[in-house]
Amino acid sequence: MFSRRRAPPKTVPTVLIRTFWCTTIAILIGSQPGLAQTYEVADSVQLVERDIDIPAHPGPNDHQVPFRFASGSTAVILSKDPGSGWLQIQGEKVTGYEAVGWITPTYIAGPINPTAPDPVPAPELAWCPEKGSSDPHPSGRLRLATWNLGNLHAEDGQSTYGGSQPSVKRYSVDYMRIRCYVRSIDPDILAVQEVDGEEPLLRVVDPDVYDVHVSQRPQPGGLNGGQNTGFSYKKGLEVTERPDLTELDVSAGSLRYGARIDLSHNGHQYQLLSVHLKSGCFDNQNSGSSCNKLFQQPPLLEDWVDSAASAPDPPIFLGEFNRRLNHPNGIFWTNLDDAAPANSDLTSVTDEKPISCRDNQYTSFIDHIVFDRRGIEHVDLSSFRHMTFRQADKESWDRISDHCPVIVEMWVSSSG
């Protein structure tokens, strides 16, 4: 019996194998949409056409697919993961509503015209205005607003804090509804409170119209961990982001910092501060644990105001003061507004103004916009508005916010 010996296998030089695989990978990468293009946050993009739509993932390198984006639809990039290259986008689900999820760049066909109109994501938002311009009004008008967004989380169905009374949960249509109200205001600068970072703020403003800046304080666990101050401002403005006013946290990490930006506009410069002071001491009461903490904050705020009053650039501070300022001889406001130095003589635009929010559940303001003696000269007090929500949205009011925006306009002409 004869046995057959197999011939030894022919070997291929290692250099040829490497050349083959490198060439193959280059061809595959080059043939996939999205990989030859670098995308940035706020870019508007077109998703690829695909029979089974676009898988959306909860996070980078997380291969769960809780939903899919509509094939061929448009989306906005909210953030990038530098390690994996994955992109977080906001776009249209196959059900027709907007949502946020992570995808790989392979599912992006390319950039789209940033001026293209956005589709209305739900019939109930047919009233939604078109987005505004990213440039300020050529007349020199600056529209300022402040809005506590009520524990705004970044993800659908998630609360900023839990416990027996968790904060509100929102879904894609709720985020878009808030964005519609921001469009209705069309602020040049919007100070915000109670936002859990930049990602949730980017869900409720048009990222191709606004830049955002949120306080950089550490995020401890507990009630206030996700409540931060910040700003959204039009991209065409000349804004410089500044370090937070950390001194306002008088409670070892549980209270909010003040977010800061500087604005240069038509030859004028301003220092802006978004604040969220201690809650629980609303009226003319002066004692108790909450009041003890709240009353530690005005001297720190006054130090910032006095420093700005002695400098060339006037201060503007706005946000939730958690204090009603219109009580006669109110010690909180009296201590803050002492007119020393002279430029620190303060005016709150809410003074003696009518309140209009959610069927007027409250009768006095705790959200304010305050100017010093120089800044108030450019303010049109007749432009003051307290925007309430549509009665048609009443069932959704809690998912919008428990606060309503406070709005006023400045006229800052280049002639001074």
### Query
Among the residues of segment 326-349, is any part of a loop (DSSP other than H, G, I, E, B), in contact with a helix residue (DSSP H, G or I) (Cβ under 8 Å, 6 or more places away or on another chain) and aliphatic (A, V, I, L, M)?
yes
### Message
If Ser307 meets every condition in (1) of a type in the set (Gly, Ala, Ser); (2) more than 27 Å from the chain's Cα centre (by Cα); (3) not in a helix (DSSP H, G or I) apart from one, which number is that one?
### Response
(3)
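Mind checking which residues of segment 328-368 are on the phi > 0 side of the Ramachandran plot and aliphatic (A, V, I, L, M)?
We begin by selecting, within segment 328-368, every residue on the phi > 0 side of the Ramachandran plot; these are 329, 339, 352, 358-360.
Answer for segment 328-368, where residues must be on the phi > 0 side of the Ramachandran plot and aliphatic (A, V, I, L, M): just Ala339.
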### Task
Please give the number of the condition Pro58 fails out of (1) of a type outside the set (Val, Ile, Thr); (2) surrounded by fewer than 16 Cβ atoms within 10 Å (Cβ to Cβ); (3) modelled with pLDDT under 85.
(3)
### Message
For segment 374-393, give me the residue count where each residue is assigned to a loop (DSSP other than H, G, I, E, B) and without any contact (Cβ under 8 Å) to a residue 40 or more places away in the chain.
### Response
1
### Output for segment 112-130, where each listed residue is surrounded by fewer than 14 Cβ atoms within 10 Å (Cβ to Cβ) and at pLDDT 85 or above
Ala126, Trp127, Pro129, Glu130
### Query
Which number in (1) farther than 18 Å from Arg183 by Cβ; (2) of a type in the set (Ser, Thr, Tyr); (3) surrounded by 15 or more Cβ atoms within 10 Å (Cβ to Cβ) marks the one condition that Ser364 misses?
(3)
### Query
In segment 182-209, how many residues are surrounded by fewer than 21 Cβ atoms within 10 Å (Cβ to Cβ) and either within 18 Å of Val406 (Cβ to Cβ) or not assigned by TED's automatic domain parsing to the domain that holds Trp397 (or both)?
4
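Can you tell me which residues in segment 134-165 are among the aromatic types (Phe, Trp, Tyr) and more than 15 Å from Pro405 (Cβ to Cβ)?
Passing the criteria: only Tyr161.
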### Task
Consider only pairs whose beta carbons are under 7 Å apart and that are at least six residues apart or on different chains; among these, list those whose first residue lies in segment 331-358 and is under 26 Å from Arg143 (Cα atoms) and whose second residue is among the β-branched types (Val, Ile, Thr) and part of a helix (DSSP H, G or I).
Ser344/Val305; Thr347/Ile376
### Summary
Selection over segment 176-208 where residues are outside any helix (DSSP H, G or I), more than 14 Å from Asp398 (Cβ to Cβ) and in contact with a strand residue (DSSP E or B) (Cβ under 7 Å, 6 or more places away or on another chain) yields a count of 14
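Look at Val173 and say whether it is modelled with pLDDT of 95 or more, not in a loop (DSSP other than H, G, I, E, B) and not aromatic (Phe, Trp, Tyr). Write out each step before concluding.
Numbers: modelled with pLDDT of 95 or more: no; not in a loop (DSSP other than H, G, I, E, B): yes; not aromatic (Phe, Trp, Tyr): yes.
Criteria not met by Val173.
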### Message
Which of the numbered conditions does Cys357 fail, given that it passes all the others? Conditions: (1) more than 25 Å from the chain's Cα centre (by Cα); (2) surrounded by 20 or more Cβ atoms within 10 Å (Cβ to Cβ); (3) in a loop (DSSP other than H, G, I, E, B).
### Response
(1)
### Task
Being of a type in the set (Phe, Trp, Tyr), in contact with a strand residue (DSSP E or B) (Cβ under 6 Å, 6 or more places away or on another chain) and in a loop (DSSP other than H, G, I, E, B) is the filter here, so list the residues in segment 78-112 that pass it.
Trp86
#### Entry: From Thr240, Thr229, residue being of a type outside the set (A, V, I, L, M, F, W, C), part of a strand (DSSP E or B) and surrounded by fewer than 19 Cβ atoms within 10 Å (Cβ to Cβ)
Thr240
### Task
Could you give me the residue pairs with C-beta distances under 9 Å whose first residue belongs to segment 290-314 and is over 11 Å from Asn343 (Cβ atoms), whose second residue is in a helix (DSSP H, G or I) and hydroxyl-bearing (Ser, Thr, Tyr) wherever it lies, and which are 6+ apart or on separate chains?
Glu302/Ser344
### Query
Ser159 fails exactly one of the following numbered conditions: (1) assigned to a loop (DSSP other than H, G, I, E, B); (2) assigned by TED's automatic domain parsing to the domain that holds Asn266; (3) in contact (Cβ under 8 Å) with a residue 40 or more places away in the chain. What is the number of that condition?
(3)
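The values are calculated or read from the model by the stated rules, or taken from the named source; none is laboratory data. Predicted model only: the values in this text are computed from it and were never measured. Cβ: placed from backbone, ideal geometry, glycine included. Neighbour counts: every protein chain shown.
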